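Nothing in this text is a laboratory measurement; each read-out follows from the coordinates by a stated rule. Fair warning: this is a prediction, and the values are worked out from it, not measured in the lab. Ideal geometry is used to build each Cβ from the backbone, glycine not excepted, and the neighbour counts take in all protein chains shown.
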Amino acid sequence: MLKVTTVTALVGFATSVSAQELLRDPGFDLGGTEWGKFGNADFNNFFGNPHSSFFADNPSNSGGVFQLGIAHGDDLQYTFQLTNVRIEENFNANFRFGLEFWDASDTNKLGEIFETIDTNVSRDGLTTGDGLSFSMSAESINGAAFVRPIILFDSPDPASGSQANAFVFSASLTAIPAPATAAGLVVFAAGRRRRS
């Protein structure tokens, strides 16, 4: 009975971790106070809903938003989602999102993993409109102390000077034990049960 309880506790641990939202203010409701920004990105409320804005309507523009201070654990698999995105019809830029891994001083980047949403190649098949969503997963870089979610763009080549921006209304970052780690824990517990 004790060993069955051990297996249940391990499975329950993985479930509880997967449900934990790691972002502070994932819906930008606090006007970006929990986020940082650079370049031609900002926090606005143009459409009656708070959001982050990416102004790619000028070829010289670039910028992004990010969040600091998220403690990182080893052997995790992160899922970073942009859950509600508006991309205007003339948007055309190198637009991507991902995770950066930093050391304890938060000044040395140990690695990064990005997913591209759009390139600055015209008519490359990018879906535009409202209510879009994008998701990426990445395994942690062991030894890092912080994980930094970031959304950014550069190299815009807008088809027109209007309707060429993008807006993110909500995002999510969660983590679960990496598959090999989680499987190893359950196999170990099951092995103890078989020996009883």
(message) Quick one: 3J(HN,Hα) in Hz for region 129-139, Karplus 6.51/-1.76/1.60 with θ = phi - 60°, rounded, Gly and Pro as x.
(response) x, 9, x, 7, 9, 9, 9, 9, 10, 8, 7
(message) Could you work out how much longer the chain between Thr127 and Ser162 gets when fully extended? Use 0.36 nm per residue separation minus the Cα distance between them, nm to one decimal.
(response) 10.9 nm
(request) Output ³J(HN,Hα) for region 59-65: one whole-Hz value per residue in order, computed from phi by the Karplus curve 6.51 cos²θ - 1.76 cosθ + 1.60 with θ = phi - 60°, and x for Gly and Pro. (result) x, 8, 7, 6, x, x, 10
(request) Using the Karplus curve 6.51 cos²θ - 1.76 cosθ + 1.60 with θ = phi - 60°, work out ³J(HN,Hα) for each residue of region 84-101 in order, rounded to whole Hz, and write x for Gly and Pro. (result) 8, 10, 10, 10, 6, 4, 9, 5, 7, 8, 7, 10, 8, 8, x, 10, 10, 10
(request) Multiply the residue gap between Glu89 and Ala71 by 0.36 nm, knock off their C-alpha separation, and tell me the result in nm, one decimal place. (result) 2.8 nm
(request) For Ile117, enumerate residues with amide H under 5 Å from its amide H, sequence gap 5+ or separate chain, H modeled in the peptide plane. (result) Phe95, Arg96, Phe97
(request) Estimate the FRET efficiency between Asp103 and Arg24 by the formula 1/(1 + (r/R0)^6), using the beta-carbon distance for r and 30 Å for R0, to the nearest 0.05. (result) 0.90
(request) Can you tell me the FRET efficiency between Ala145 and Glu34 if r is taken as the Cβ-Cβ distance and R0 is 22 Å, rounded to the nearest 0.05? (result) 0.70
